[in-house]
Every structure is written in structure tokens, then in C-alpha cells.
Amino acid sequence: MKSYDVAECGAPLKLFERPTPKPTGSEVLLRVLAAGVCHSDIHIWEGHYDLGGGKKLKLTERGVKLPLTMGHETVGEVIALGPEAPTVGPGGVKIGDKRLVFPWLGCGSCAVCQRGEEQLCLAPRFLGVFRNGGYADHIVVPHARYLLDIGNLKPVEAAPYACSGLTAFGALKRIGPVLKDEPVVVIGAGGLGLMCLGLLKAMGGKGAIVVDTDPGKRAAALKAGALAAIDGAAPDAAKQLSAAAPSGVWAVIDFVGATSTAKLAVDGLTKGGKLVIVGLFGGDITLPLPFIPMRAMTIQGSYVGSLAEAKELLDLVKRTRPPSIPITTHALDAADATLQALRAGKVIGRAVLTP
Ligand code: NAD
Ligand code: ZN
């Protein structure tokens with residue numbers, strides 16, 4: 001099998017050719033049909049997160065080992081099953097099935113995993129982060145229960161639901177019912193932000209006010225139905241935001257998570273408002289503590305979503321068929337160039353590798 005791996009942080013992805021694995025135990029081997037390129041892969045490739053004040057969190061301190069095949073938005077076709085892989089009943093798979101891979105695997109045995117929150121496990125086995133993922137022509141998944149039926153969605157359209165879709169869905173759920181009555185401020189109209197616009201509509205949302213520094217992304221957001229699109233770098237961005245939300249900013253999802261965006265969000269929230277931080281661009285903020293109780297604000301982090309939420313999301317998508325985000329497809333051999341194009345801000349929507 002062939003894969004493009006991070007062999008060294010900051011260096012071009014390297015082609016590896018290894019024997020195609022034979023699934024053992026409950027494992028399932030899939031031929032990769034589509035692998036989305038997420039901005040999180042850029043953070044992994046760079047090798048650190050920016051903690052602000054010159055501090056960095058290194059990926060190796062998080063337990064990431066190189067070489068690593070990234071790719072956590074994968075759709076594949078089942079081509080081989082381990083002897084203990086279920087073939088019948090709910091969760092069973094057979095040769096030829098096309099499935100979305102849920103990549104946010106925990107250890108499977110701790111209390112958190114038993115509660116169905118594997119994405120929060122302290123011993124994660126995330127595919128494409130701690131174990132090899134989808135920037136390859138084959139992928140091994142430890143158990144068929146992580147393989148989700150995509151119905152008649154196209155593989156390239158379904159792949160981004162494993163991360164951008166699930167993460168946006170999870171963040172919208174943290175907002176709660178207020179999204180039906182008030183616009184949600186969506187900061188960052190990249191893969192996740194654009195996905196959020198479609199899902200917000202599918203969930204009966206009132207609409208979104210988008211903030212992005214890139215005019216191309218703002219245009220894409222307006223095309224996807226945003227109520228307004230504000231340049232986050234404009235000196236009067238905060239003023240524009242309050243003008244666009246005359247009944248106050250009740251909910252913000254920050255898909256950037258940088259100092260400037262978190263500050264815009266915190267300053268903009270009305271009494272009782274909520275900020276959900278998703279993006280990992282990094283930095284830090286200082287916040288006067290009395291404001292938290294006095295303005296009754298909530299600041300919440302959101303990390304991908306659970307297996308149950310992924311199933312709920314796919315059901316919603318199959319039922320309501322929200323318009324797909326713009327998707328461009330690229331050969332597996334262009335994995336490195338595609339990652340670099342995303343890093344340079346040149347991708348509108350999602351770039352998906354199709355081995
Ligand atoms: P992307 O590159 O597709 O989009 C990022 C968008 O943010 C672009 O439109 C860009 O123009 C905009 N942007 C950048 N800096 C900005 C600023 N200062 N102000 C306003 N807009 C700005 O990225 P993506 O794949 O959508 O991922 C977004 C972030 O979410 C990344 O940091 C990624 O690692 C993170 N992420 C988090 C989770 C989670 O579970 N918390 C899951 C997936 C991705
Ligand atoms: Zn991702």
C-alpha cells in the first residue's frame with residue numbers, strides 16, 4: 001500500500017510503500033475512496049499548537065509519533081475483514097460496503113469510552129492523529145462499529161462529515177435551542193465554518209453572521225446563505241457585528257480560535273450569551289473575571305463529537321440533504337501540495353484526496 005506521511009514536521013509529506021496489512025481480530029481493511037484535508041492536519045504537520053505568549057505545545061508531548069499517515073475524514077470500500085469482524089446485525093459490514101470512518105477512537109474500555117464519549121478518552125487512538133489515517137490508498141479500522149453507512153451520498157461529499165461536519169454539528173448542539181431564535185455568529189468560513197452554515201439550516205436555525213478575514217471566504221459564505229459577512233480585520237469589525245445582530249450576539253462559534261477572534265467574540269456577546277471555541281489557530285486572551293458572572297457568559301470548548309453524534313449527523317444529512325460545501329478533488333500524489341494550498345488559504349470549502 002501507498003501513503004503520504006509526516007516523516008518530519010514542517011518537511012514535505014513523504015511517500016511510503018508498505019505491504020498492505022491483513023486485518024486481524026475485529027479489524028476491517030478498506031480501500032480509501034476519499035480523504036478530506038483538514039486544517040488540523042496543518043497543525044499536526046507544523047508540530048505544535050500556539051499557546052500564546054511565545055509558548056508552544058508540541059505534538060510529540062501529546063503522544064503523536066512519526067512517521068504518521070494523517071487524514072481523519074475518510075470514506076472507504078470494505079475489501080477484507082478480520083476473522084472476528086461482525087458481518088451481520090447492526091454494525092456488521094460486508095465486502096464492497098462503502099463506509100465513512102469514525103476516526104475519534106478512545107481506548108474503548110475506560111469509563112469515558114463506556115459512556116460513549118470516546119473522543120474525550122485520555123488514551124486516544126484517533127485515526128490520522130495517533131494511528132494511521134486516510135492519506136493512503138488503504139486504511140485499517142479496529143472495529144466495524146466505527147464504520148458508518150453513507151447511504152447514497154457520494155464518497156467525496158460524505159468524507160468531510162467525519163470531522164468538519166461532526167465538529168460543526170457538535171458545536172451547534174452546544175449552542176442549544178437559542179439558534180432557532182437568534183443568528184449564530186460563525187467566525188471562520190473555511191471547511192468547518194461553511195459546513196456549519198448548511199447544518200445550521202438543517203437544524204432549523206435562524207441564520208448565521210459570518211466573520212472572516214479573507215474576501216473569497218466571505219463571498220463563499222454569502223453564497224451559502226449567510227445573513228451577513230464581516231471582515232474580521234476591519235477596524236470597525238465589532239461595530240459591524242453589533243449592527244448585524246440588533247437583538248444582541250447570543251451565540252458565537254469560533255472556528256479560528258485565535259487571540260483576535262476570541263476577543264471579538266467575548267467583547268461582542270450580550271448578557272447570557274455563549275461562545276463555543278473550536279478552532280486551534282492559537283494564542284491567548286486575558287479576561288476580567290467579574291465580566292463572566294456579571295454578563296452571565298459561557299465560554300465552552302468543543303472537540304469533534306461522539307460516535308452517537310456522528311450517526312445522528314449522518315441521519316440528519318441523509319434526511320434533509322443540506323447543500324454540499326464546495327469540494328475540490330485531488331490525486332493522492334498531490335497530498336503535500338493540497339495540504340500546502342490549504343495552509344496558504346487557497347482552498348474554499350474542502351479539498352478531498354481521491355486515491
Ligand atoms: P480552513 O483553513 O478551512 O478555514 C479557516 C478559515 O478561517 C479560513 O476561511 C480563514 O480565512 C479564516 N481565518 C483565519 N484566520 C482568521 C482570523 N484571524 N479572523 C477571521 N478568519 C480567519 O480550516 P478548517 O479546516 O475549517 O479548521 C478550522 C480550525 O478548526 C483549525 O484550527 C482546525 O485545526 C480546527 N479544528 C478543530 C476541531 C475541534 O474539534 N475542535 C476539529 C477540526 C478542526
Ligand atoms: Zn479535522
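The values are calculated or read from the model by the stated rules, or taken from the named source; none is laboratory data. Predicted model only: the values in this text are computed from it and were never measured. Reconstructed Cβ throughout: ideal geometry from the backbone, glycine too, with neighbour counts over all protein chains shown. Just the protein is used for accessible areas: all its heavy atoms, side chains included, with ligands, DNA and RNA removed. Shrake-Rupley method; radii C 1.70, N 1.55, O 1.52, S 1.80 Å.
Things worth noting here:
- Among L287, L199, L105, residue whose mean-square fluctuation peaks in a GNM of the chain (springs only between Cα atoms under 10 Å): L287
- Exposure rule at most 13 other beta-carbon atoms within 10 Å, DSSP loop GluC sites (Glu not before Pro): the chain longest free segment: 85-355
- Using Cβ point charges alone (K and R +1, D and E -1), the dipole size of the range 171-247 about the Cα centre works out to roughly 280 debye.
- In Å, descending, principal axis extents of the Cα set of the range 162-223: 31, 26, 15
- Kirkwood hydrodynamic radius of the range 100-233, Cα pairs, Å: 16.5
- In the full protein context, the range 247-355 carries 46 Å² of accessible surface per residue, based on a 1.4 Å probe and ignoring ligands, DNA and RNA.
- Among A233, A220, A136: highest mean-square fluctuation, GNM of the chain, C-alpha pairs under 10 Å: A233
- Mean projected area in nm² (Cα convex hull; one quarter of hull surface) for the range 265-334: 8.5
- Summed over all non-identical Cα pairs, the Kirkwood treatment of the range 1-128 gives a radius of 16.5 Å.
- Whole-Hz couplings from phi, Karplus 6.51/-1.76/1.60, listed for the range 55-66; x for Gly and Pro: 8, 9, 9, 7, 4, 5, 6, 8, x, 7, 10, 9
- Both the radius of gyration and Dmax for the range 194-353 are 17.0, 54 Å, in that order, over alpha-carbon atoms.
- Long-range amide H partners of A123 with built H, under 5 Å: C107
- Estimated dipole of the chain in Debye, rounded to 20 [Cβ of Lys and Arg +1, of Asp and Glu -1, Cα centre]: 460
- Compared with the rule-of-thumb size 2.2 N^0.38 Å for a compact globular protein, the chain has a Cα radius of gyration ratio of 0.98.
- Summing Cβ point charges (Lys, Arg +1; Asp, Glu -1) relative to the Cα centre of the range 247-355 gives a dipole of roughly 320 debye.
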